[in-house]
Structure formats: C-alpha cells, structure tokens
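Notes to accompany the following structure.
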Amino acid sequence: MNPLFILGPIMPWENGARNLVVPELADDSGLYASSEAMAAVDQRTIVLPARAQRAERVVPLELRFGAVNLARPQSKFLRHLPESLPLTLVDVREVDPQAGTEPLHWRLLTTHSVTNAEQAWRIVDWYKQRWLIEQFFRVLKTQGFKLEDSQLSTADRLLKLVAIAAKAAVITIQLLQARDGRGQQPIHLAFKANEVAALTALNQDIEAKSKRLNNPYPPDSLAWAAWIIGRLGGWDGYPSSKPPGPITMKHGLEYFHAVAVGWSLRNVCMP
C-alpha cells in the first residue's frame, strides 16, 4: 500500500494504477529519496477500515512533510510550462507493521498550504475519504446508474441528470455507511415519513418469510433501513455473509422505490 497522490486542483495519481513514473525534483533528486530524508514530526493512530481481502485494524502512523519542487517533464510538448511546480509532500508510514500484513505507506502531494503537523494530518484525513469518493462514482457510473451511457447531448440536460443520479448515489452511500449500525444516523436522513411506513411493511414481510432473521437495528435508525434495502437488493441477511455492497444497495433502492409508489396509492379509491 504505497500510493503517490496529488491533492488540490490536480488529478489523482497513484502507483500501480496509471503506469506511474515517479517524478523528479527540480534539484535532480528523487521524490522518494526526498521523503526518506525528512524527519518524523508526529505520530497518530488511525483505524484502517476493512476491505475485501483485509480485516479492519488499528495502524500507528509516523508523519513527515516538507516542501518540494517537481521538475517539468522532459517533453518538447511541455516546454511552455514553468520549469518546476512547488508542492508539499506529506509522508505517512506505518510504525512497526504486523508480520504478514502489507505496511501502510502513503506519499501525498498537495497544492494546499501545509506549515504544521495539524495541517499535514488534515491532508491525510482527506485522502482517507478517497475510497468513499470512488464508491460514489462507482454507483454513478458503469456498475450503477451508467451515466456514461446517457444519450443527452446538451450540458444543461446532462447536469440535471447528474444531479438526480447524484442524489440517489448519495443515499446509496449513506446506507452503505450505516449498514453496521455504528453511526446511529436517523432514518429521516434519507427517507420521508411515507417511505418509512413502506419500509415498515416490507420489514414485517421479510421477517415473516425468514423467522430466524430479524432486523437487529432500532426502527428509527438508518441502519434499520439499510438492513431492509440490502435484503431487497439480494443480500441474505446472515451476519456470517459478506455485507451488502453499493451495487446491492442500489438494486435494493430501485426495488424499494417501485414498491413505495404502490404503497402510497394503497388507500386511493378510483371513481
């Protein structure tokens, strides 16, 4: 886990993802050598969330940071650019990594001002949100709402479509974050009163069909809704099973909204 990442008005850049050539500095030294020469200034412990092939673990980190000047790439097509670009390098690495685990080591380049340890830790906190942001775009794009397949040809219509899809994607991510019940977010954060009533009816139906499986969360919590939406998306509900991911939640939400429309019409009498 050894990413190089640029924060600010510059595109993300990560080892292993884009055939990255580590940039040289204006003084002809290497970026990695420069980070090794920096003195550690602080330590902090973070919780590294679980991933597909990695259990959640507590990671003690050591912090370094300092100013660097990236040299302009040696390309005739870029000679119009300045010879160097001033940035700040924030380096965080795991202290005494556990045997058998890949040690965490992030090298983060940023255009933001970093003059003390707190500002450097803020850059680290921002980078920690990267996975959440990638999940959001995953829901918006190929495996979710497939915005790239849109046939809209004007910017204003595309912006409206993105706004609608973004709202649905945000709710999906909210459910994803709430699924383990840790955050204790209220259900009305994502669902209206009539939708909560529909969820209540669906929950009763799900629990009746599988008597050994009951929703373990309080009915006023977003985790309670996430359990129901996950079941509607195809998750089996067993604690031993892999928890529902963003695409499962997205499918469950689509099913729920179709049911909720019918639920809202249950007492309507046609003349």
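Okay, here's what the table says:
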quantity	calculated
Choice from 45, 154, 111 with maximal GNM fluctuation in the chain (Cα, 10 Å cutoff)	154
Accessible-area composition of the chain, carbon plus sulfur, in percent [1.4 Å probe]	56
Cα-projected label distance for residue 207 with residue 37, points at 7 Å along beta-carbon direction, nm	6.5
Farthest positive-ward along the range 69-170 dipole, Cα basis, beta-carbon charges - from 139, 152, 84	152
Extended-chain gain in nm, criterion 0.36 nm per residue less alpha-carbon gap, residue 76 and residue 247	57.1 nm
Estimated vicinal HN-Hα couplings, Hz - the range 90-100 in sequence order (Karplus 6.51, -1.76, 1.60; Gly, Pro = x)	10, 10, 10, 9, 6, 8, 6, x, 5, 5, x
Normalised contact order of the chain, rounded percent, pairs of Cα under 8 Å and 6 or more residues apart	13
1.4 Å probe accessible area per residue over the range 37-158, in Å²	62
Helix-only [θ]222 nm of the chain, DSSP H runs n ≥ 4, -39500 (n - 2.57) each, per residue, nearest 500	-12000 deg cm²/dmol
Values of log10 I(q)/I(0), in the order q = 0.12, 0.14, 0.17 Å⁻¹, for the range 145-271 under a Debye, Cα-only, solvent-free model	-0.50, -0.65, -0.89
Cα centroid separation, the range 123-179 to the range 211-271 (Å)	21
The chain: most fluctuating residue of 100, 30, 144 per GNM, C-alpha cutoff 10 Å	100
Residue of 87, 109, 161 that the Gaussian network model of the chain assigns the largest fluctuation, springs spanning Cα pairs under 10 Å	161
Net charge over other residues, Cβ less than 12 angstrom from the Cβ of residue 239 (K, R count +1; D, E count -1)	+1
Over the range 194-271, relative contact order from alpha-carbon pairs under 8 Å, at least 6 apart, %	27
Stokes-Einstein D (µm²/s) once Rh is taken as the Kirkwood radius of the range 71-222 over alpha-carbon pairs, at 10 °C in 1.306 mPa s	77
Length-normalised contact order for the range 83-217 - Cα pairs under 8 Å, 6+ apart - percent	13
Accessible area per residue in Å² at 1.4 Å probe, computed on the range 198-250	49
DSSP bridge orientation in the chain - percent antiparallel, rounded to nearest 5	90
Computed Rg/Rh of the chain, alpha carbon atoms with Kirkwood Rh	1.07
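The values are calculated or read from the model by the stated rules, or taken from the named source; none is laboratory data. It should be emphasised that the depicted structure is a prediction, and the values quoted were computed from it without experimental measurement. Positions of Cβ are backbone-derived with ideal geometry, glycine not excepted, and every protein chain shown enters the neighbour counts. Just the protein is used for accessible areas: all its heavy atoms, side chains included, with ligands, DNA and RNA removed. Shrake-Rupley method; radii C 1.70, N 1.55, O 1.52, S 1.80 Å.
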